[in-house]
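For reference, the structure is listed below as structure tokens.
Just so it is clear, none of the values below were taken in a lab; they were calculated from the coordinates. In this text the structure is predicted, and so the values were computed from the model without any measurement. Note that we place each Cβ from the backbone using ideal geometry, even for glycine, and neighbour counts take in every protein chain shown.
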Amino acid sequence: MRNILNPPLHLGLAEAFRRAGFRKWYERELLSSHAHLVLAFLSLVAVFAALEASRDGGPAERLVNLVYVLLSAAIGAWALRRYLFLLTRAEGVANQAQCESCGEYGRFKVVAPHGGSDEAEVCCRRCQHHWVISGLA
Ligand SMILES: [Zn+2]
């Protein structure tokens, strides 16, 4: 319950796989990335709404609407960047989730963190083959 209310900002891949498993981690990354895409779209709508609202009104209202436009554009740019980051990282990790020895996909256990926090040494559940999955690719 504590983790749901107060999630850590960034877990290493090994810890994330240990907690949720690869398939759940992948599903959550895709959901999170697409939530950021929705936020980017809503920000775009907000930019156009603020532009439309700035057509009428005095200089003070135009200035306020300009601030709304800039703020919405900044949030949209951040959300789009985050969407692309999460999606490409999830796809990069998913491309490494297949055992090179027996071809089993996504069924492995974490042996240890490897190098940086975004790498994990994993072991195939079927054939015990070891390999390293990197989230940096
Ligand atoms: Zn295997």
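Of the candidates ARG55, ARG62, ARG28, ARG81, the single residue that is of a type in the set (D, E, K, R), assigned to a loop (DSSP other than H, G, I, E, B) and either more than 17 Å from CYS123 (Cβ to Cβ) or within 16 Å of the ligand (Cβ to nearest atom) (or both) is ARG55. Being within 30 Å of ALA120 (Cα to Cα) and among the hydrophobic types (A, V, I, L, M, F, W, C) is a property that LEU87 has. In this structure, is SER72 touching a residue at least 24 places away in the same chain (Cβ under 8 Å) and under 16 Å from the mean Cα position of the chain (by Cα)? Against the criterion (touching a residue at least 24 places away in the same chain (Cβ under 8 Å) and under 16 Å from the mean Cα position of the chain (by Cα)), SER72 does not qualify. Of the residues making up region 84-97, not a single one is closer than 22 Å to ALA16 by Cα, surrounded by 14 or more Cβ atoms within 10 Å (Cβ to Cβ), of a type in the set (Lys, Arg) and within 16 Å of the ligand (Cβ to nearest atom).
Please find, within region 98-137, the residue that is surrounded by the fewest Cβ atoms within 10 Å (Cβ to Cβ) out of those that are of a type in the set (D, E, K, R) and more than 16 Å from the ligand (Cβ to nearest atom). Across region 98-137, the extreme among qualifying residues is GLU119. Scanning region 9-36 for residues that are closer than 17 Å to LEU80 by Cα and surrounded by 17 or more Cβ atoms within 10 Å (Cβ to Cβ) yields GLU29, SER33, HIS36.
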